[in-house]
Amino acid sequence: FLLGVQAIHAGRVEAGIDQARAALAGREGDGQMVDHSAMCCLFAEALLDVGHPGAEEFVDQAAGFAEDSGELYAECEIHRLRARLLRRADAPVEA
């Protein structure tokens, strides 16, 4: 997963996305969901940093997992990333 996120930041965006998605799917398939919301936030931030669409999907996934599981470790990141998404959508007041 982290190698995929690093690849996104290094400019290998599509390859990094594929690698990170595969890693998340593998973890989910194995039932290893610890820190899932934090990982989704890292993925969303990488997408935002390179201007790639799709970050909102992972912020929503992080929020849903946090709500369903009670995992609140990344809660502040979820809110910060939602604000970044709103700023990108030219909605600074809502952000």
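The values are calculated or read from the model by the stated rules, or taken from the named source; none is laboratory data. What you see is a predicted model, and the numbers here were worked out from it, not measured in a lab. Note that each Cβ is placed from the backbone with ideal geometry, even for glycine, and that neighbours are counted across all protein chains shown.
Out of (1) touching a helix residue (DSSP H, G or I) at 6+ places or on another chain (Cβ under 7 Å); (2) closer than 23 Å to ALA89 by Cα; (3) not hydroxyl-bearing (Ser, Thr, Tyr), the odd one out for GLY4 is which?
Among (1) touching a helix residue (DSSP H, G or I) at 6+ places or on another chain (Cβ under 7 Å); (2) closer than 23 Å to ALA89 by Cα; (3) not hydroxyl-bearing (Ser, Thr, Tyr), the lone unmet condition for GLY4 is (2).
Is it the case that GLY11 is modelled with pLDDT under 95 and of a type in the set (Gly, Ala, Ser)?
no
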